[in-house]
């Protein structure tokens, strides 16, 4: 075990071999699964003389990248390269992708964050390397060959040695500067209820109830013919029969109760955040842009036999917008970090083609929705005065919200008119 005496000149901790091996084996298994899944599908496409599916190609490349990452990690473990170094001047965390360093005079005390299984210290000074510049915290994971409590004691003991030697006025100056840096003027209207989000959820549930009344329903899933009649997205119907209303009706349909529950839960989280953060007009504009962008990208990438439905494009647009709009908050603000973490937890698994689910995933809709939402969020960010709680360009937001609402309503009206014929 590494030395843990805080008075020692340098303390070095190495990776916990057991934890590292388990993590590597898990990642290696995923990489092999992704590679085989992508390679098998691409081989079948070649045999059938069909064009490659982008999701299969991405799965293959992701499997190769993850396998190379595991090899690098294994080589680093074999060489016993130091991972965590505590010197008199500061801390160095060596990883596969680089090294993070910080002097003790730039860190507040380390605290244990149980839900993330890490030690975390706020960064208050500028004596950090480029990898930590602009970040709010330095994190130490619970992955070393000593109990995390002993590591925490050593970290804080070393830090205290430096801070106790600093003049009180210097300490107060640094703390005041840090407080000012993370301070932010109030944004959004957190006290308001997200009624528009609730209305959208109720609408999706009512439409699904209508789907279940159609012929061919099995269990909690509507029939394919019912979905096509009610406006599902299909390339021949849109391009050959000019049924463009399907771009807005398809995002309102769902293929099963589980499909609806997934999207509704994500919409509740993303909608509750955004509606309070930027107001109802911009929120509705983002939902509409994500739905349209998802449908257009899906239409571009789908084959002739594919049928696409679901609000996932609109939902991914909301989470991409949350990620972009988090930049409205100060760099070291905990709220900014929380918003980005929330968006990444939805965006990353939804855009990577290895999710195993009970239904087929339309990655084109996910990608198109995320891109549309992110681009519109950038426009919102550029029109948001830092002194104002809500974004500006209210006329533009109302116009876009009105156009989005009219597009949904007119598409539904067109569909109903066709059903009456």
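Could you please find all residues in the range 221-237 being part of a helix (DSSP H, G or I) and in contact with a helix residue (DSSP H, G or I) (Cβ under 9 Å, 6 or more places away or on another chain)? Scanning the range 221-237 gives 226, 227, 228, 229, 235, 237. Screening residue 210 on (1) in a loop (DSSP other than H, G, I, E, B); (2) in the same structural domain as residue 287 (by TED's automatic domain parsing) shows it passes everything except condition (1).
Taking the criterion of being farther than 22 Å from residue 390 by Cβ, outside any helix (DSSP H, G or I) and in contact with a helix residue (DSSP H, G or I) (Cβ under 7 Å, 6 or more places away or on another chain), would at least one residue in the range 325-336 satisfy it? It would help to see each step written out before you state the result.
Here is the first cut: in the range 325-336, the ones farther than 22 Å from residue 390 by Cβ are 332.
Next cut, outside any helix (DSSP H, G or I) only: 332.
Next, from what is left, pick out any that are in contact with a helix residue (DSSP H, G or I) (Cβ under 7 Å, 6 or more places away or on another chain): 332.
There is at least one residue in the range 325-336 that is farther than 22 Å from residue 390 by Cβ, outside any helix (DSSP H, G or I) and in contact with a helix residue (DSSP H, G or I) (Cβ under 7 Å, 6 or more places away or on another chain).
Against the condition closer than 17 Å to residue 275 by Cβ, assigned by TED's automatic domain parsing to the domain that holds residue 301 and at pLDDT 90 or above, how does residue 401 come out, does it pass? Yes, satisfied.
Give the residues of the range 378-399 that are under 25 Å from the mean Cα position of the chain (by Cα) and assigned to a helix (DSSP H, G or I), sorted by residue number.
Those that are under 25 Å from the mean Cα position of the chain (by Cα) and assigned to a helix (DSSP H, G or I): 378, 379, 380, 381, 382, 397.
Once the range 113-129 is narrowed to residues that are at pLDDT 85 or above and farther than 21 Å from residue 339 by Cα, the residue that is surrounded by the fewest Cβ atoms within 10 Å (Cβ to Cβ) is 129.
In the set (1) closer than 21 Å to residue 243 by Cα; (2) without any contact (Cβ under 8 Å) to a residue 12 or more places away in the chain, the condition left unmet by residue 199 is number (1).
Considering 305, 331, 338, the condition of being without any contact (Cβ under 8 Å) to a residue 24 or more places away in the chain, assigned by TED's automatic domain parsing to the domain that holds residue 260 and either within 21 Å of the chain's Cα centre (by Cα) or within 29 Å of residue 122 (Cα to Cα) (or both) is satisfied by 338 alone.
Of all residues assigned to the range 68-84, at least one qualifies as being modelled with pLDDT of 75 or more and touching a strand residue (DSSP E or B) at 6+ places or on another chain (Cβ under 8 Å).
Any idea which residue in the range 214-231 is nearest to residue 407 (Cα to Cα), counting only those that are in contact (Cβ under 8 Å) with a residue 40 or more places away in the chain and buried (at least 21 other Cβ atoms within 10 Å of the Cβ)? Write out each step before concluding.
First, pick out the residues of the range 214-231 that are in contact (Cβ under 8 Å) with a residue 40 or more places away in the chain: 224, 227-231.
After this cut, where a residue has to be buried (at least 21 other Cβ atoms within 10 Å of the Cβ) as well, the list is 227, 230-231.
Values: 227: 19, 230: 16, 231: 14 Å.
The selected residue is 231.
The listed residues are 175, 132, and the only one of them that is outside any strand (DSSP E or B), surrounded by 12 or more Cβ atoms within 10 Å (Cβ to Cβ), under 27 Å from the mean Cα position of the chain (by Cα) and outside the structural domain of residue 389 (by TED's automatic domain parsing) turns out to be 132.
In the range 52-67, the qualifying residues are those that are modelled with pLDDT under 75, in contact with a helix residue (DSSP H, G or I) (Cβ under 7 Å, 6 or more places away or on another chain) and surrounded by fewer than 18 Cβ atoms within 10 Å (Cβ to Cβ), and the one that is nearest to residue 144 (Cα to Cα) is 57. For the condition within 20 Å of residue 392 (Cβ to Cβ) and either within 18 Å of the chain's Cα centre (by Cα) or not assigned by TED's automatic domain parsing to the domain that holds residue 370 (or both), residue 284 does not qualify. If I filter the range 361-377 for residues that are in contact with a helix residue (DSSP H, G or I) (Cβ under 8 Å, 6 or more places away or on another chain), in a helix (DSSP H, G or I) and farther than 30 Å from residue 306 by Cβ, do I get at least one hit? No - not one qualifying residue is present in the range 361-377.
The values are calculated or read from the model by the stated rules, or taken from the named source; none is laboratory data. Being a predicted model, the structure only gives us computed values, none of them experimental. Note that we place each Cβ from the backbone using ideal geometry, even for glycine, and neighbour counts take in every protein chain shown.
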